[in-house]
Amino acid sequence: MTLLEARELTRHFDGLKAVDGVDFDLHQGEIHALIGPNGAGKTTFVSLLSGRIPVQSGTIRFDGRDITKLPAHARVRLGIAYTFQITQVYGALTVFDNVALAVQSRHSHRLHDDAIEALTRVGLQDRADQTAGTLSYGHQRLLEVAMGLGLKPKLLILDEPTQGLAQGEIESFKDIVRGVVPEATVLLIEHNMDVVMDLAQRITVLNFGEVLATGTPEAIRADKAVQTAYLGG
Ligand SMILES: Nc1ncnc2c1ncn2[C@@H]1O[C@H](COP(=O)(O)OP(=O)(O)OP(=O)(O)O)[C@@H](O)[C@H]1O
């Protein structure tokens, strides 16, 4: 079943074709990686999906409805959570309060339990009372994911989540993402090809704002155009 469907999605910046006529489907419950060279349009594309940047032309359908013109907060309510490249944790608040804010935004009656559940998913439950700003960088990235999970999303969009993480942290991060599906669907922008090949069931390659290829990790690895443009083959 298709959870999200983008058709002819386009966003130019002063003539620069950041996203140009992209057709894209997300299957319910999959881990889907979005890869491509720097400047390929990955962040712009997911910003169009989350509503952070308005669409210039094209359509987005999510969970059976047209969301193309909905503002970002309305898309969050429908179940789209987006964690940014740049860390967005409130440093002066506790770890618990950061996640509780996310849980509260969907008017949950189980504020405490839901927040602890999200923290447990990422392994930060024992740090609930710690001031978020004193967490290591890796733990702050996990807290961001917990904040996303606190929204109980249907779709979790992760923008370069392993950037700056140590190898051991990357391994546990992979387990966390595997634990999120199939309840939630995951769209992952990721430069670390080991993480991509290990986690993703399907991969979409963007290049100069266009889809170069979509397929399984095996198909993407074997794709000549992808090798030339991105994989250095
Ligand atoms: N707000 C903006 N105004 C003008 N140009 C922009 C804006 N946002 C992005 N761009 C340009 O659009 C192109 C796509 O950028 P984008 O950040 O989406 O690429 P990316 O694939 O996410 O890159 P990276 O892997 O480096 O994060 C780039 O050439 C970028 O400079």
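The values are calculated or read from the model by the stated rules, or taken from the named source; none is laboratory data. The shown structure was predicted, so the numbers you read here are calculated from the model rather than taken from an experiment. Don't worry about glycine lacking a Cβ; one is built from the backbone with ideal geometry, like all the others, and counts go over all protein chains shown. Heads up: the accessible areas ignore ligands, DNA and RNA and are worked out on the full protein's heavy atoms, side chains in. Shrake-Rupley method; radii C 1.70, N 1.55, O 1.52, S 1.80 Å.
Using Cα positions and a limit of under 20 Å, work out the lysines in reach of K174, with same-chain residues fewer than 8 apart set aside.
List returned: K152, K154.
Under 16 Å between alpha carbons, and skipping anything fewer than 8 positions from K69 in its own chain: which aspartates and glutamates qualify?
E5, E8
Mind checking segment 80-174 for chymotrypsin sites (Phe, Trp or Tyr not before Pro) that DSSP puts in a loop (not H, G, I, E or B) and that have at most 15 other Cβ atoms within 10 Å?
Those that pass, being in a loop and sparsely packed, are Y90.
Considering only protein heavy atoms, with the full assembly of protein chains and a 1.4 angstrom probe, order L165, L187, L93, L16 by accessible area, largest first.
I get L16, L93, L165, L187, largest accessible area first.
When only alpha-carbon atoms are used, what values of Rg and Dmax, in angstrom, describe segment 140-190?
In Å, with Rg to one decimal and Dmax whole: 10.3, 28.
Rg to Rh ratio, segment 110-233, alpha-carbon atoms and Kirkwood radius?
Rg/Rh: 1.03.
Considering only protein heavy atoms and a 1.4 Å probe, what is the carbon-and-sulfur percentage of the accessible area of segment 13-81?
With neighbouring chains kept in place, the figure for segment 13-81 is 50 percent.
Tell me which lysines have Cα within less than 20 Å of K17's Cα, excluding those fewer than 8 residues away on the same chain?
Filter leaves K42.
Quick one: what do you get for segment 86-151 if you divide its Cα Rg by 2.2 N^0.38 Å?
In units of the globular-protein estimate, segment 86-151 measures up at 0.95.
Would you mind telling me the share, in percent, of accessible area of segment 86-151 contributed by carbon and sulfur at probe 1.4 angstrom?
Using a 1.4 Å probe with all protein chains present, segment 86-151 comes out at 54 percent carbon and sulfur.
Test of understanding: express the Cα radius of gyration of the chain as a ratio to 2.2 N^0.38 Å, with N the residue count.
Compactness ratio reported: 1.00.
Can you work out the accessible area per residue across the chain, with the rest of the protein chains kept in place, probe 1.4 Å, in square angstrom?
Here the per-residue accessible area is 46 Å².
Below 8 Å between Cα atoms, with a sequence gap of 6+, how large is the relative contact order for segment 38-171 in percent?
29
Roughly how many whole Å is it from the C-alpha centroid of segment 180-202 to that of segment 23-58?
Spelled out, the Cα-based centre of one part sits 14 Å from the other.
How high is the relative contact order of segment 86-151, in percent, with contacts defined as C-alpha pairs under 8 Å that are six or more residues apart?
49
Looking at the chain, send over the antiparallel percent of its DSSP beta bridges, to the nearest 5.
In the chain, DSSP labels about 55 percent of beta bridges as antiparallel.
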